[in-house]
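Here's the structure, in structure tokens; my notes come after.
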Amino acid sequence: MKGKIILLSSIVLATVGISAYAGPEQDRVAFQKFFHDKFPRTPKADFINGIYSIDAASREQWLEIEEFPPYEIAIEEGEELFNTSFKNGKSYADCFENDGKNSRKNYPYFDPKRAEVVTLELAINDCRVANGEEPLKYAKGKLAAISAYLSFVSRGERINVVIPDNAGALQAYENGKEFYYRKRGQLNFSCFDCHGAASGQRVRADRLSPALGHVSHFPVYRSKWGGMGTLHRRFKGCNEQVRAKGLNPQSQAYKELEYFLSYMSNGLEFNGPGARK
Amino acid sequence: MKSIMLSKYFASGLVTFTLGLCSACMAADQADFDALWNEANEKRKAAAAINYEWRDTGEFLETAKKEQAAGNHTVALALIAKALEQGSDALAQAEREKDLWQARVPK
């Protein structure tokens, strides 16, 4: 009898355990609710503005910066590069439909044939390589400029990452999720420690931004960098701030992190490129 | 005269002995250094393989090599000790986080 009770209890617990996690969509709902509850005065759609959605003083400064946005030069450079033909006579327009307009919303996605996450920056370099050109460096420079242009002409489109019914896609999502919540580095912080649990709190003179909407405004012109940088450049910088060894932009781990983080912000608008401190 | 000759032989022998001893010491220092450096580097690589390497570990190891080459054996060993500790801590952190991360996921 005792054995039967233990067996029954195990089955019930296992069933509860399985049904308690319904997958990415359940994660997204809980993730967004966490930030909506933490910052109840911030309109839901405003999280795309990062720290400026929760810090009134910084927002005022940022709005002044936005009058003459420092990323404008990158948009112009990116547009010129986008419309410059490759040596074979083709151009980026042959890779991105509708001359690149609204293309930002198509990334990141999981490509089952390649069994990997494809980001906008990876697609830009794929386009170059397919047309006989050398790939660009991923963190800044020309690639960030092209990404800035494509983001600019996609403003207002909604983040809509789809996790297809594919074991590889779900694994990529789970890997990104695990990376996000795991503590790492000598200071023993996870991404979520700073940008979830402690978001809104001060680190020296600055407040920590909420993770919801983080991906919407990249690439960004960052005053600290004195130039443009991609989302993966920021990932690497964040990792090194907690004294973990930063990974290479477009490494598998960072692509999967972007996949997870973008899914968490589904429904919000793309408003990149942005300007940050 | 004979005592002067003896002294010269003695002095010469002493210098040879000392040099030999120093050379043996240096070889032992280098062997110690190499063994510890390799051990620390293996830990660093093991942590890196699971994306858990800490930021400064590699730099400690590179600086240790330079210090050793400059003859600063004690400084070099101290740097390796730091790298070893960081490698062990990083691996322990990765192991600890295997389950702990799930408690941070908003429910």
- Query: What is the mean projected area of the alpha carbon convex hull for the range B:27-104, to one decimal in square nanometres?
  - Reply: 5.1
- Scan the range A:168-255 for trypsin sites (Lys or Arg not before Pro) in coil per DSSP, keeping those whose Cβ has at most 10 other Cβ atoms within 10 Å, and list them by number. A:ARG204, A:LYS224
- Put a dot 7 Å past each Cα toward the Cβ at A:ASP111 and A:ALA130; how far apart are the dots in nm? 0.7
- Message: Let me make sure I get this right: for the range A:39-113, a, b and c are the square roots of the gyration tensor eigenvalues over alpha carbons, sorted descending. Under 1.5 in a/c it's rounded, otherwise prolate if a/b > b/c, else oblate. Which is it?
- Response: oblate
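Restricting to DSSP loop positions (anything but H, G, I, E, B) with no more than 11 other Cβ atoms inside 10 Å of their own Cβ, which GluC sites (Glu not before Pro) remain in the range A:44-146? Before the final figure, lay out each step's value.
Working: sites: A:GLU60, A:GLU64, A:GLU66, A:GLU67, A:GLU72, A:GLU76, A:GLU77, A:GLU79, A:GLU80, A:GLU97, A:GLU116, A:GLU121, A:GLU133; in loops: A:GLU66, A:GLU67, A:GLU133.
Passing both the DSSP loop test and the Cβ count: A:GLU67.
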- Message: Give me, ordered by chain and number, the residues 5 or more places off A:ARG184 or on other chains with an amide H under 5 Å from its own placed amide H.
- Response: A:PHE189, A:SER190
- Item | Separation between Cα centres of the range A:19-63 and the range A:170-187, rounded to whole Å | 20
- Task: Kindly point out, ordered by number, any Cys in chain A whose beta-carbon has no other cysteine beta-carbon under 4.7 Å away.
- Result: A:CYS191, A:CYS194, A:CYS238
- Note on the structure: Note, the range A:46-53: 3J(HN,Hα) by Karplus (6.51, -1.76, 1.60, θ = phi - 60°), whole Hz, Gly/Pro = x, goes 7, 4, 5, 8, x, 4, 6, 7
- Item | Under-5 Å amide H pairs with A:LYS101, H placed in peptide plane, nonlocal only | none
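Go ahead and run the numbers for FRET between A:ASN248 and A:ALA45, Cβ-Cβ distance against an R0 of 25 Å, rounding to 0.05. The partial results should precede the final answer.
Numbers: r = 34 Å, r/R0 = 1.34.
FRET efficiency, A:ASN248 to A:ALA45: 0.15.
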- Query: Cα centroids of the range A:111-131 and the range A:217-277: how far apart, whole angstrom?
  - Reply: 18
- For the range A:72-152, diffusion coefficient by Stokes-Einstein and Kirkwood Rh (Cα), 4 °C, 1.567 mPa s, µm²/s: 101
- What are the residues whose amide H is under 5 Å from the amide H of A:ALA275, where those residues sit 5 or more places off or on another chain and H is modelled from the backbone? A:TYR221
- Query: Among B:HIS73, B:THR63, B:GLN93, whose Cα sits farthest toward the positive end of the charge dipole of the range B:27-104 (+1 at Cβ of Lys/Arg, -1 at Cβ of Asp/Glu, about the Cα centre)?
  - Reply: B:GLN93
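For the range A:52-155, which trypsin sites (Lys or Arg not before Pro) pass both filters: DSSP loop (anything but H, G, I, E, B) and at most 11 other C-beta atoms within 10 Å?
Details: sites: A:ARG59, A:LYS87, A:LYS90, A:LYS101, A:ARG104, A:LYS105, A:LYS113, A:ARG114, A:ARG128, A:LYS137, A:LYS140, A:LYS142, A:ARG155; in loops: A:LYS87, A:LYS90, A:LYS101, A:LYS113, A:ARG114, A:LYS137, A:LYS140, A:ARG155.
When the trypsin sites (Lys or Arg not before Pro) of the range A:52-155 are filtered for loop state and at most 11 Cβ neighbours within 10 Å, A:LYS87, A:LYS113, A:ARG114 remain.
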- Query: Over all distinct alpha-carbon pairs, what is the Kirkwood Rh of the protein assembly as shown in angstrom?
  - Reply: 24.2
- Hey, for a label at A:TRP225 modelled as a point 7 Å past Cα toward Cβ, could you say which residues of the range A:47-71 have their backbone N under 20 Å away? A:48-53, A:62-63, A:65-71
- Task: Please turn the phi angles of the range A:193-206 into ³J(HN,Hα) values with the Karplus equation 6.51 cos²θ - 1.76 cosθ + 1.60 (θ = phi - 60°), one per residue in order, whole Hz, x for glycine and proline.
- Result: 4, 7, 9, x, 4, 9, 4, x, 7, 8, 10, 6, 8, 10
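Every number in this text was worked out from the coordinates using simple rules, so none of it is lab data. Predicted model, so just to flag it, every value in this text is computed and none were measured. Neighbour counts are summed over all protein chains in view; Cβ atoms, including those assigned to glycine, are modelled from backbone coordinates with ideal geometry.
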